[in-house]
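Visitor: Please read through the structure below; I'll follow up with questions.
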Amino acid sequence: MKNCPDIITIQAVLDGEEKDERIIKHIQTCPTCCSARVELEESISLAECLNSPAVLPDVFCKQLTERIQPKPFPAILVSAAIFLLSIISAYLLNPGYLQWWLSVGIINQFSYIMDVFISFLYFSHYIGPLGLITGLVSLVVVEVLILNKLRTVEGYNNV
Amino acid sequence: MQEILQEMVEEYSDKIYRLALRYTGDREQARDLAQETFLRAYKNLDKFDRSKNAGPWLFKIATNLCRNWLRDNREVPMESLDEFNTRAENSPETIVIRKEDERELAEALDRLPLMYREVILLKHTADMSYAEIADALGLELSLVRNRLYRGRMLLRELLERESE
């Protein structure tokens, strides 16, 4: 009686968590521990009923993969928006600066647009949407600053 | 999907689904909770120590989601209890008896205080060790042992009351 383990230890033996051979042997032979063991075994087998054979449908993995895959970055829209922004900002600062653009001819204009667009697509793979947008916004800011500087140098305000 | 996450899904998705099913009693909700568990795991993969077993980490996420679900949905639907019996190929009489047992079990579990329920479900639906349960719930090992004992006794008592 004195050497009987407590009920929590008996439970640990039944759960396979207690590996002490001495305690295991005691529980198997001691009549006092035996009644506690039987009661615990009944409780455990009742709780075992909580386990069920329910399984997830086969589409689970597919649905999860779809949710995990990143949304495609709208490179076309972003490149178009940034390009438009740079043109408008140039025009607003000085409509005369667009003359070079109109003078390069349709073939050069098209190749310029394609170059810019492909560059946007290329970079978007490596630096991600946030990096790309930050980079392009910085470019626009630099462009605005340069155009402002040129305007001051050429004395546009005085014309 | 990253390889490590793929392994986690293969090993733990059904167990997490069963756990969530016990909390929600609803297949759709349980599926959503299982999916949300893996989405959160994916977002926090950098915080996961890859030298450790993923089980406790995943079940910690799942248990937290189930807790939140319980907080927001006090009314537990009982409509999908058939889920637990769909794979049993027994006579109609046995199925009826099992459904009745299952209903009593679900009701008893619903009455069980959350602190016991969490430990019991991790033990019996996820088949976790005491140490893993302690890790998943952030509890001392001795507390897990005590709660498991008290929880099992209380569950039995509640089931006996149900069947009277």
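All of the numbers you see were taken from the coordinates with simple rules; none came from a lab. Bear in mind that the values here come from a model prediction, so they are computed numbers and not experimental data. Reconstructed Cβ throughout: ideal geometry from the backbone, glycine too, with neighbour counts over all protein chains shown.
Visitor: Please list 3J(HN,Hα) in residue order for the stretch A:3-16, calculated via the Karplus relation 6.51 cos²θ - 1.76 cosθ + 1.60 where θ = phi - 60°; whole Hz, with x for glycine and proline.
Guide: These are the phi-based 3J(HN,Hα) values: 8, 5, x, 6, 4, 5, 5, 4, 4, 4, 5, 5, 7, x Hz.
Visitor: Please work out how much length the chain gains when fully extended from residue A:143 to residue A:41, using 0.36 nm per residue of separation minus the C-alpha to C-alpha distance, in nm with one decimal.
Guide: 28.9 nm
Visitor: Give the order of A:33, B:66, A:4 when sorted by the count of other beta carbons within 10 angstrom, beginning with the fewest.
Guide: Going from sparsest to densest Cβ surroundings: A:4, A:33, B:66.
Visitor: Only counting other Cβ atoms within 10 Å, I'd like A:134, A:9, B:125 sorted with the fewest neighbours first.
Guide: A:134, A:9, B:125
Visitor: So what's the net charge close to residue B:137: Lys and Arg +1, Asp and Glu -1, counting the other residues with Cβ under 12 Å from its Cβ?
Guide: +1
Visitor: Shifting gears a bit: Could you give each residue of the stretch B:11-18 its phi-based ³J(HN,Hα) in whole Hz, using Karplus coefficients 6.51, -1.76, 1.60 with θ = phi - 60°, and x for Gly or Pro?
Guide: 7, 10, 4, 5, 5, 5, 4, 5
Visitor: Considering the Cα positions of the stretch A:7-48, please state its Rg to one decimal place and its Dmax as a whole number of Å.
Guide: 9.7, 28
Visitor: From other protein chains only, count the Cβ atoms within 10 Å of every residue's Cβ in A:37-50, then give the mean.
Guide: Across A:37-50, the average partner-chain Cβ count within 10 Å equals 5.
Visitor: A further question follows. For the stretch A:141-148, take each phi angle, set θ = phi - 60°, evaluate the Karplus expression 6.51 cos²θ - 1.76 cosθ + 1.60, and give the result in whole Hz per residue in order, putting x for glycine and proline.
Guide: 4, 4, 4, 4, 5, 5, 5, 4
Visitor: 5 Å is the cut-off here: which amide hydrogens, built 1.01 Å from N in the peptide plane, fall below it relative to residue A:18, excluding neighbours closer than 5 in sequence?
Guide: Hits under the 5 Å cutoff: A:13.
Visitor: To two decimal places, what compactness ratio does the stretch B:97-164 give when its Cα radius of gyration is scaled by 2.2 N^0.38 Å?
Guide: 1.15
Visitor: While we're looking at this one, here's another question. Exceeding 23 Å between C-alpha atoms, which entries from my cross-link table qualify? They are B:60/B:123; A:25/B:52; A:62/B:15; B:15/B:43.
Guide: A:25/B:52
Visitor: Just want the ordering: A:26, B:124, from fewest to most Cβ atoms lying within 10 Å of their own Cβ.
Guide: A:26, B:124
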